[in-house]
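Here, each number is a calculation from the coordinates, and none is a lab measurement. A quick note: this is a predicted structure, and the numbers were derived from the prediction, not measured. FYI the Cβ positions are ideal-geometry reconstructions off the backbone, even for glycines, and counts take in every protein chain you see.
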Amino acid sequence: MHKSVVHIDLDTFFVSCERLLDSSLNGKPVLVGGTSGRGVVAACSYEARKYGIHSAMPMRMAQMLCPEATVIRGNSGIYSKFSDMVTDVIKEQSPLYEKSSIDEFYIDVTGMDKFFGTYKWAQELRTRITKETGLPISFGLSTSKTVAKVGTNEAKPDNYINIPEGTEKPFLAPLAVKKIPMVGDKTYKMLLNMGVKYVKTVQEMPMELMDRVMGKNGIALWKKAQGIDNSEVIPYHERKSLSSSLTLEKDTIDIRQLKNILTSMAEKLTYYLRNGNKLTSCVTVTVRYSDFDTRTRQKRIPYTSLDHTLIKTTMELFDQLYERRVLARLVGVRFSHLLSGTYQMNLFEDTAEMVNLYQAMDRIRNRYGQNAIRRVNTMGTRGIGQMANPFNGQPPIIPAHRRQ
């Protein structure tokens with residue numbers, strides 16, 4: 001039995017949400033993103049794309065290309081709510097689904113043809129989601145996640161497509177090789193230098209040649225070009241939280257010390273989030289006093305994996321929580337309501353320089369160790385230690401130094 005996979009994408013998701021809130025934006029070029037002088041575009045409407053605008057482009061440049069565009073700062077909280085509405089419908093209707101980002105889903109419908117047509121089922125699901133949320137949706141149905149995703153991108157905007165078994169290679173052949181999901185800018189330039197522009201060329205190349213030129217990535221690319229992708233749809237019951245706590249060697253009332261420890265914890269946890277391609281929307285801070293009185297406070301926030309956003313929220317919660325002003329025995333922080341996704345940077349508020357800084361910091365940590373680079377105020381703290389990626393089967397609680 002061949003596999004059947006549906007890939008669902010909420011078209012221009014941020015823009016679509018804004019248009020549901022303000023119908024006057026319909027049919028107009030719309031830019032969602034940072035409104036400061038160094039902000040970047042998080043999303044843009046199809047009307048804006050006609051001017052050459054794309055996501056991650058500096059907002060100033062986008063406005064030069066399309067001066068009449070409406071610029072909206074964006075609201076991640078609203079987008080998360082719309083995403084949750086779609087997730088609820090898919091969860092109710094689907095046998096097995098994976099939420100790969102805030103606006104993308106994979107559904108494994110293998111074997112459902114025994115009972116009813118999967119293509120018709122996917123169309124009916126799309127109709128229901130659109131009816132209940134008002135959001136435009138595109139989907140692709142095929143025998144693998146890769147071909148289904150490419151199909152969705154070809155079906156856009158607000159449309160759908162079916163690539164049946166046996167038609168995968170002919171479907172992919174005339175497309176630009178950059179449309180294969182794993183092909184980024186650097187790989188695309190390398191392929192162009194090799195004279196490879198279309199998927200058909202990769203299909204006709206010996207796999208051994210791709211292996212010699214690109215190694216394992218070359219083999220993976222060759223297989224995807226043939227329509228071969230055995231990756232599974234990952235059931236959406238993934239880890240929901242990530243936390244750290246520290247029992248102090250000596251009870252203290254030193255607020256600066258406690259804040260530095262919490263900052264160290266939050267900084268390390270955000271690194272783990274980004275390494276695991278996760279986002280959090282809920283921060284919880286715990287304080288246990290010397291008399292074992294334990295207090296907690298939490299706050300819901302828009303999905304993020306940014307140090308400064310999560311550290312700021314952690315500090316705000318601590319200030320609200322630590323009100324007894326007596327000796328503290330333990331402090332802890334927890335990130336929950338985790339979500340897999342690629343929206344790791346808050347493009348509504350942060351500059352391209354900030355995004356590049358976090359990426360550079362993570363590269364240093366990945367190469368030289370998790371403590372290779374830290375904030376100055378956390379250098380003297382004993383926060384959480386080195387550990388493997390907690391999203392690869394590790395225990396749910398990060399080990400911390402404990403009182404003997």
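Anything over 21 Å Cα to Cα? Flag those among Lys120/Lys223; Lys131/Lys179; Lys169/Lys278; Lys120/Lys149; Lys186/Lys223; Lys189/Lys224, in the order listed. In this structure, Lys120/Lys223; Lys131/Lys179; Lys169/Lys278 lie more than 21 Å apart at Cα. Annotation for Leu21 and Asp211: the two label points, set 7 Å from Cα along the Cα-Cβ direction, are 5.3 nm apart.
So for the pair Gln123, Ile234, with labels modelled 7 Å out along Cα→Cβ, what separation do we get in nm? That separation, rounded to one decimal, is 3.3 nm. If R0 is 35 Å, the Cβ-Cβ spacing of Ser241 and Leu175 corresponds to a FRET efficiency of close to 0.30.
A simple charge model with +1 on the Cβ of Lys and Arg, -1 on the Cβ of Asp and Glu and nothing else charged puts the dipole of the stretch 1-65 at about 200 debye relative to its Cα centre.
In what sequence do Ser101, Ser264, Ser290 fall when counting other Cβ within 10 Å, fewest first? Show your work: numbers first, answer last.
Working: Ser101 18, Ser264 25, Ser290 15.
Ordered from fewest to most neighbouring Cβ atoms within 10 Å, Ser101, Ser264, Ser290 come out as Ser290, Ser101, Ser264.
Would you mind classifying the stretch 8-142 by shape? Square roots of the alpha carbon gyration tensor eigenvalues, ordered a ≥ b ≥ c; an a/c under 1.5 is rounded, otherwise it is prolate if a/b is larger than b/c and oblate if not.
On the way: a/c = 2.48, a/b = 2.37, b/c = 1.05.
Here the stretch 8-142 falls in the prolate category.
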